[in-house]
Amino acid sequence: MSKMKFKLNSAGVKELLKGQAMRDILTEHARGVVSRAGKGYSADIYVGKNRANAMVKAETYQAKSDNKKNNTLLKALR
């Protein structure tokens, strides 16, 4: 077998992880989780130092209580 070597294009990987396409994918997934979780939950997308991130959280007291009792966000991840 031949020894194949490749060099990772750091700028390309950075663009993949932080680019608009990744943010669109994360937005779609986060909205799906919010829709399955129900009222009182919200999603936020932000770009960090290394990659784009999605966050879904319970906003209202009722949603926080529901998530604590039933693990709603965990179940909504499917």
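Annotations
- Protein accessible area in the stretch 17-78, 1.4 Å probe - carbon and sulfur %: 51 percent
- Residue ranking by accessible heavy-atom surface, 1.4 Å probe, largest first, among Y46, Y41, Y61 comes out as Y61, Y46, Y41.
- Residue order by solvent-accessible surface for V33, V56 is V56, V33, largest first, with ligands and nucleic acids left out and a 1.4 Å probe.
- Options T60, G48, L8, ranked by Cα towards positive dipole end of the chain, top entry (Cβ charges): L8
- Solvent-accessible area per residue, Å², over the chain with all protein chains present [probe radius 1.4 Å]: 85 Å²
- Charges were assigned to the Cβ only: +1 to each Lys and Arg, -1 to each Asp and Glu. The resulting dipole of the chain about its Cα centre is roughly 360 debye.
- Label selected from (i) 3, 15, 19, 15, 12, 11, 8, 6, 4, 3, 2, 1, 0; (ii) 3, 17, 28, 23, 14, 8, 4, 2, 0; (iii) 3, 12, 14, 18, 19, 18, 12, 4, 1, the criterion being P(r) over Cα pairs in 5 Å bins from 0, in percent as computed here: (i)
The values are calculated or read from the model by the stated rules, or taken from the named source; none is laboratory data. Here the structure is a predicted model, which is why all the values come from computation and not from measurement. When we count neighbours, we look across all protein chains shown, and the Cβ atoms used for this are built from the backbone with ideal geometry, even at glycine. Please note that ligands, DNA and RNA were not included when accessible areas were found on the heavy atoms of the full protein model with its side chains. Shrake-Rupley method; radii C 1.70, N 1.55, O 1.52, S 1.80 Å.
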